[in-house]
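For reference, the structure is listed below as structure tokens.
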Amino acid sequence: MAQAKLTPLGGNILVKPVTEEAVSESGIVLPDTVDKERSQRGEIIALGSGRVTPEGKTIPFNVKVGDTVLFKKYSNEEVEVDGEEYLIMSEDAILAIIN
């Protein structure tokens, strides 16, 4: 599991995107220089403290550090720390836990 020097705040989640090799239809592995869509899968690296309701109640997360998740395509912020790419998103952006 990767370690990050970031701690998300509140209801935010830090995710390390899973990199997938692009393979052509004939089975040839394509280099990183080929344009390809970003994966919508990643590993949860860190959790904030939880979303807070207007009444001040903290709602715990339904996911945990180490879970591999499927998330929405355009609902995250990209950040780079020490050459590593991470995504920060809310739990609402997570669609499913991959078992």
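The values are calculated or read from the model by the stated rules, or taken from the named source; none is laboratory data. From a predicted model like this one, the values you see are computed outputs, not experimental measurements. Methodologically, a virtual Cβ is constructed for each residue, glycine included, from the backbone with ideal geometry; neighbour enumeration extends over all protein chains shown.
Take the residues in segment 76-99 that are closer than 20 Å to Ile59 by Cα and of a type in the set (Gly, Ala, Ser); name whichever of them is surrounded by the most Cβ atoms within 10 Å (Cβ to Cβ). So, considering only residues that are closer than 20 Å to Ile59 by Cα and of a type in the set (Gly, Ala, Ser), the one surrounded by the most Cβ atoms within 10 Å (Cβ to Cβ) is Ala93.
For Glu20, the conditions (1) modelled with pLDDT of 95 or more; (2) out of contact with any Leu (no Cβ under 8 Å at 6 or more places or on another chain); (3) among the charged types (D, E, K, R) all hold with the exception of (1). Taken over segment 63-90, residues that are of a type outside the set (Ser, Thr, Tyr), modelled with pLDDT under 95 and more than 13 Å from Pro17 (Cα to Cα) amount to 3. Taking segment 41-58, which residues are touching a residue at least 12 places away in the same chain (Cβ under 8 Å) and surrounded by fewer than 16 Cβ atoms within 10 Å (Cβ to Cβ)? Of everything in segment 41-58, those that are touching a residue at least 12 places away in the same chain (Cβ under 8 Å) and surrounded by fewer than 16 Cβ atoms within 10 Å (Cβ to Cβ) turn out to be Ser49, Gly50, Val52. Scanning segment 70-84 for residues that are free of Cβ contacts under 8 Å to residues at least 60 places away in the same chain and within 23 Å of Ile97 (Cβ to Cβ) returns Leu70, Phe71, Lys72, Lys73, Tyr74, Ser75, Glu77, Glu78.
Kindly evaluate Leu9 against the criterion of being at pLDDT below 90 and surrounded by fewer than 17 Cβ atoms within 10 Å (Cβ to Cβ).
no
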